[in-house]
1. Going by what's in this entry, would residue 178 be described as farther than 23 Å from residue 271 by Cα and either surrounded by 16 or more Cβ atoms within 10 Å (Cβ to Cβ) or among the acidic types (Asp, Glu) (or both)?
2. List pairs: first residue in the range 280-296 and in contact (Cβ under 8 Å) with a residue 40 or more places away in the chain, second residue assigned to a helix (DSSP H, G or I) and among the small types (Gly, Ala, Ser) anywhere in the structure, Cβ distance under 6 angstrom, at least six positions apart or on different chains.
3. Do we have residue 127 as free of Cβ contacts under 8 Å to residues at least 12 places away in the same chain and touching an Asp or Glu at 6+ places or on another chain (Cβ under 9 Å) here?
4. Would the range 88-107 turn up any residue that is more than 19 Å from residue 263 (Cβ to Cβ), open to solvent by 90 Å² or more (accessible area, probe 1.4 Å) and among the aromatic types (Phe, Trp, Tyr)?
5. Looking at the range 120-131, can you tell me whether even one residue there is crowded, with 22+ Cβ neighbours inside 10 Å and not aromatic (Phe, Trp, Tyr)?
6. Only one of these is under 17 Å from residue 93 (Cα atoms), out of contact with any strand residue (DSSP E or B) (no Cβ under 9 Å at 6 or more places or on another chain) and open to solvent by 80 Å² or more (accessible area, probe 1.4 Å): 269, 275, 301, 242. Name it.
7. Cβ-Cβ distance below 8 Å, separation of 6 or more or different chains: which pairs start in the range 182-199 with a residue that is in contact (Cβ under 8 Å) with a residue 40 or more places away in the chain and end on one that is hydroxyl-bearing (Ser, Thr, Tyr) and open to solvent by 40 Å² or more (accessible area, probe 1.4 Å)?
8. Pick from 26, 21: which is touching a residue at least 24 places away in the same chain (Cβ under 8 Å), under 21 Å from residue 79 (Cα atoms) and either touching a strand residue (DSSP E or B) at 6+ places or on another chain (Cβ under 6 Å) or open to solvent by 60 Å² or more (accessible area, probe 1.4 Å) (or both)?
Amino acid sequence: MTEGRFISKNKYQWDRYQNMLDGWKLYSPNELGQAYLSVCSDLAYAQSHYPETQVCKDLNALALQFHHILYRRQPQRWTELLHFFKHTVPMSFYRSRHFLMFSLCLFLIGWGIGVMSQCLDTGYFEAFFSGAYYQETMNNIKSGNPMGIYGSEGEVEMYFKITTNNMFVGLHYFVSGLLTPFYTIYMAITTGTMMGCFTTFFAQNGYLTDALIAPNEHGSLELPAAIVCSAAGMQLGMGWFFPGKQTRMKALMQSAQEALTMALAMMPFFMIAGFIESFITRHQEWPMAVRILLMVAGLAFSVYYIILLPRQLGKKDNG
């Protein structure tokens, strides 16, 4: 490649990096780091093919500016954390929207399987869940407290147990993509099957309203987080197993960056959902309006943060 063609091919990108430097406070360390690596890659190429030229000097100056900002400035922790959740995460959602939609479809397919399975075989709930869980649930139904399972432990003990388990499951969805994306697909369908079976079982016993509201007081945050983690796992796996024209490692690194961002962003969702499940869901005596409001608020926030905000930012960036 001639020097002129090299400059022409990359000039637009270098100008964009210079603009990033001019307004570096608007970008996360991750975005600045990716730009720095790209500049260093171009600099290495230029030094190998066009040594002692002006393009080498310009790229070296550009790389030095990135290095100064990344390694010598005082980090603004809270500003960077806020930018991560307000911009970096939603943009990852936007770029990964096809994986998110596919994950949601898998969950809905699983939900339908759970409903049909329980309708065709009333013993499916007992077979799907553990025998101890089934027996405790039946005892609660007989005593007139169908959702008593949520009050079976102390609040604090339950919070740490539930939250730790849910965060582990979410990260398991993500990491399992490295084994094969098809395993993550299986887990997404299984999660939907569990919820469909659960809802149908309680409907068959005359407690449909309880089954729709009580689990979703916290599920309006927990289930979207699980769907996002499933999408992250599938994206990670697709980058590794189907790299396309890129090298397998490069494709994995690109997919891992987006996938890890999404998975980590869901940890607060699991923490808040765990708090609601441990301290609030157990209070079935609360007014129905309050419980419905809690469920709707969680669902509205999930839809806004995972779907609407990314779409707004994506259109703005592409506009």
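The values are calculated or read from the model by the stated rules, or taken from the named source; none is laboratory data. Since the model is a prediction, treat every value here as computed from it, not as a measurement. Here Cβ is always computed from backbone atoms with ideal geometry, including for glycine, and neighbour counts include all displayed protein chains. Note: accessible area is taken over every heavy atom of the protein model, side chains too, but ligands, DNA and RNA are not part of it. Shrake-Rupley method; radii C 1.70, N 1.55, O 1.52, S 1.80 Å.
1. yes
2. 281/214; 282/151; 295/220
3. So residue 127 fits the description; yes.
4. Step one: filter the range 88-107 for residues more than 19 Å from residue 263 (Cβ to Cβ), giving 105.
Right, trim to open to solvent by 90 Å² or more (accessible area, probe 1.4 Å) and you get none.
No: the range 88-107 contains no residue that is more than 19 Å from residue 263 (Cβ to Cβ), open to solvent by 90 Å² or more (accessible area, probe 1.4 Å) and among the aromatic types (Phe, Trp, Tyr).
5. Scanning the range 120-131, I find no residue that is crowded, with 22+ Cβ neighbours inside 10 Å and not aromatic (Phe, Trp, Tyr), so the answer is no.
6. Numbers: 269 fails: open to solvent by 80 Å² or more (accessible area, probe 1.4 Å); 275 fails: under 17 Å from residue 93 (Cα atoms); 242 fails: under 17 Å from residue 93 (Cα atoms).
Just a single option satisfies the conditions, and that option is 301.
7. Taking only residues 6 or more apart or on different chains, the pairs are 197/124.
8. Details: 21 fails: either touching a strand residue (DSSP E or B) at 6+ places or on another chain (Cβ under 6 Å) or open to solvent by 60 Å² or more (accessible area, probe 1.4 Å) (or both).
Within the list 26, 21, the selection yields 26.
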